[in-house]
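Visitor: Pasting a structure below so you can have a look.
Read-outs: derived from the displayed coordinates by stated rules, not from any lab. Here the structure is a predicted model, which means the values were calculated and not measured. Methodologically, a virtual Cβ is constructed for each residue, glycine included, from the backbone with ideal geometry; neighbour enumeration extends over all protein chains shown.
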């Protein structure tokens, strides 16, 4: 076993864990609002909600380091970054309309899946991944 394979587990008191979990739920709900709005035709999601959730996650992730909640913060941050990169990469497909719509629909459904999967794991008080 290498030193970087060791995950530091630290104990937080119940109030700290409850606080992290509350921040996590707020972030997941903001992500969910954006994810559902992107998938539904005619809905106009606010990029501001996504940016607020991302900033919250970036600010609070150090507080969660070494706990099962850390995986949730990393999961949401990576979900936003990867979906943003994928949207940018597929942006030229909108010149042909249909391929752009298909690509962005697939990315949006993938993003929605990741948010729901994370919410289910957090509801079970477990890490998103092991």
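Visitor: Label-point separation (nm) for residue 85 and residue 123, each offset 7 Å from Cα along Cα-to-Cβ?
Guide: Rounded to a tenth, the inter-label distance reads 3.0 nm.
Visitor: What residue among 22, 108, 71 shows peak mean-square fluctuation when the chain is described by a Gaussian network model with Cα springs under 10 Å?
Guide: Taking springs between Cα atoms under 10 Å, the residue moving most is 22.
Visitor: Shifting gears a bit: Expressed as an acute angle from 0 to 90° and rounded to the nearest 10, what is the orientation of the C-alpha long axis of helix 70-90 relative to the principal long axis of the chain?
Guide: The angle comes out near 20 degrees.
Visitor: May I pose another question? If you take the square roots of the eigenvalues of the alpha-carbon gyration tensor of the range 50-106 and sort them as a ≥ b ≥ c, do you get rounded (a/c under 1.5), prolate (a/b over b/c) or oblate?
Guide: prolate
Visitor: At a Förster radius of 25 Å, what calculated FRET efficiency corresponds to the Cβ-Cβ distance of residue 46 and residue 96, to the nearest 0.05?
Guide: 0.35
Visitor: Any number yet on Rg/Rh for the chain, C-alpha, Kirkwood?
Guide: We get a ratio of 1.04 for the chain.
Visitor: Restricting to Cα pairs below 8 Å that are 6+ residues apart, what does the relative contact order work out to for the range 13-123? Please round to a whole percent.
Guide: The value is 31 percent.
Visitor: Using Stokes-Einstein with the Kirkwood hydrodynamic radius over Cα pairs, what translational diffusion coefficient do you get for the range 14-72 at 37 °C and a viscosity of 0.692 mPa s, in µm²/s rounded to a whole number?
Guide: This corresponds to a translational diffusion coefficient of 269 µm²/s.
Visitor: What length, rounded to one decimal in nm, is gained on full extension from residue 13 through to residue 29, with 0.36 nm per residue of separation minus their alpha-carbon distance?
Guide: In short, 3.3 nm is gained.
Visitor: Helix 47-64: angle to the longest alpha-carbon principal axis of the chain, degrees 0 to 90, nearest 10?
Guide: Between the helix axis and the principal axis of the chain, the angle is about 20 degrees.
Visitor: Using the alpha-carbon atoms, what tilt in degrees (0 to 90, nearest 10) does helix 98-123 show relative to the longest principal axis of the chain?
Guide: 20
Visitor: Could you give the nm distance between label points at residue 63 and residue 105, where each point is 7 Å from its Cα heading toward the beta carbon?
Guide: Label-label distance for residue 63 and residue 105, simple model: 4.0 nm.
Visitor: For the residues 105, 67, what sequence is obtained by ranking on other C-beta atoms within 10 Å, fewest first?
Guide: 105, 67
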